[in-house]
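Take a look at the structure below.
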Amino acid sequence: MSGVNDTKLKSVIFLLSGLPSHGDTHLWISIPFCFMYVISIIGNSVILFIIKTDPSLHEPMYIFLSMLAVTDLGISITTIPTIMGIYLFNSREISLDACLTQLFFIHLLKCIESSVLLLMAFDRFIAIHNPLRYATILTPPRIAKMGLLALLRAMVIKLPLPFLLKRFQYCRANVLSHSYCLHQEVMKMACSDITVNSIYGLFTKLITMGLDSPLIFLSYVMILKTVLSITSFKESLRALNTCVSHLCALLVFYTPDISLSVMHRFGEGSFPLFQILLGYISLLLPPMINPIVYSVKSKHLRVRIIRVFIK
């Protein structure tokens, strides 16, 4: 009996979904996706290269930015095979093991990115509230420990997800509504009781983004309080201007992700096209927008990028 169950488990195939269209339009739809992936990979790679090779950029702000770039690169690489496979080769099938691997890395990297955005909010608070001690508080060893802690937290929280899904039998029409695998979607394909998975999925959201977002909000309340205490309007404006890039990254990351989570949990079956588009936005937009925004808003980074391309 155990051998039969193992055979069933190994033969489980999920069907991924793309935007509703005819086969001949898939190639045209793939063009904007290719464009977004190229910008994401090149943009984040350039930022990593510039920060690594330029000693003057080995500051806390740019070290955190390099963490963000690595995370965005990981998200892009994780989703490329299935998304581009659908639109370029009409390859919709994905095995259970491949699906569980992909969803683990997607949820892991999203959790890490949320942690990095929290660390970047803390970085901006220290830089504005206590600029004289900025370099002594955020030393490279301390930043490395923060990054390691963010990675360990994500691993501990997200590692159980694939194992909780692996124990199920899947006997329904395993058609997923996205071009990639997500925990909240795969668990609904199971024939068993998914109460534990549903509760744990909600717990992981609350302990990651549900915890990080209030702390980020608190950081910006303290930043605003510090800025308002500065008598010079010009200095206040300059201090706030250093937060614009981070605020854009927060908006692009949290808005679609929280909206998609709410739709998966409470709006099942409603607005399927909007749900698909929101899924693409939550995974493809942050890795593309972040390097553009930081390159434009950070004068030091922008100058060094221009120098590299001029050479």
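The values are calculated or read from the model by the stated rules, or taken from the named source; none is laboratory data. Because the structure is a prediction, the values reported are computed rather than measured. Using ideal geometry, Cβ is built from the backbone for each residue, glycine included, and neighbour counts are taken over all protein chains shown.
Report yes if some residue within region 127-134 is touching a His at 6+ places or on another chain (Cβ under 6 Å) and either crowded, with 20+ Cβ neighbours inside 10 Å or under 21 Å from Ala69 (Cβ atoms) (or both); otherwise report no. Within region 127-134, not a single residue is touching a His at 6+ places or on another chain (Cβ under 6 Å) and either crowded, with 20+ Cβ neighbours inside 10 Å or under 21 Å from Ala69 (Cβ atoms) (or both).
Identification of helices (runs of 4 or more DSSP H) wholly contained in region 207-304 with 1 or more residues that are in contact (Cβ under 8 Å) with a residue 24 or more places away in the chain and aromatic (Phe, Trp, Tyr) yields 209-228, 244-266, 272-297.
Screening Leu284 against (1) surrounded by fewer than 19 Cβ atoms within 10 Å (Cβ to Cβ); (2) within 30 Å of Pro32 (Cβ to Cβ) leaves a single unmet condition, (1). Residues in region 87-110 that are closer than 28 Å to Thr25 by Cβ and either part of a helix (DSSP H, G or I) or under 12 Å from the mean Cα position of the chain (by Cα) (or both): Tyr87, Leu88, Phe89, Ala98, Cys99, Gln102, Leu103, Ile106. In the condition set (1) surrounded by fewer than 17 Cβ atoms within 10 Å (Cβ to Cβ); (2) of a type in the set (A, V, I, L, M); (3) at pLDDT 90 or above, Leu88 is compliant with all but (3).
Only one entry in Leu247, Leu278 is modelled with pLDDT of 85 or more, surrounded by fewer than 16 Cβ atoms within 10 Å (Cβ to Cβ) and under 30 Å from Tyr180 (Cα atoms), namely Leu247. Of everything in region 91-121 that is within 30 Å of Glu59 (Cβ to Cβ) and not aliphatic (A, V, I, L, M), the residue that is surrounded by the fewest Cβ atoms within 10 Å (Cβ to Cβ) is Phe105.
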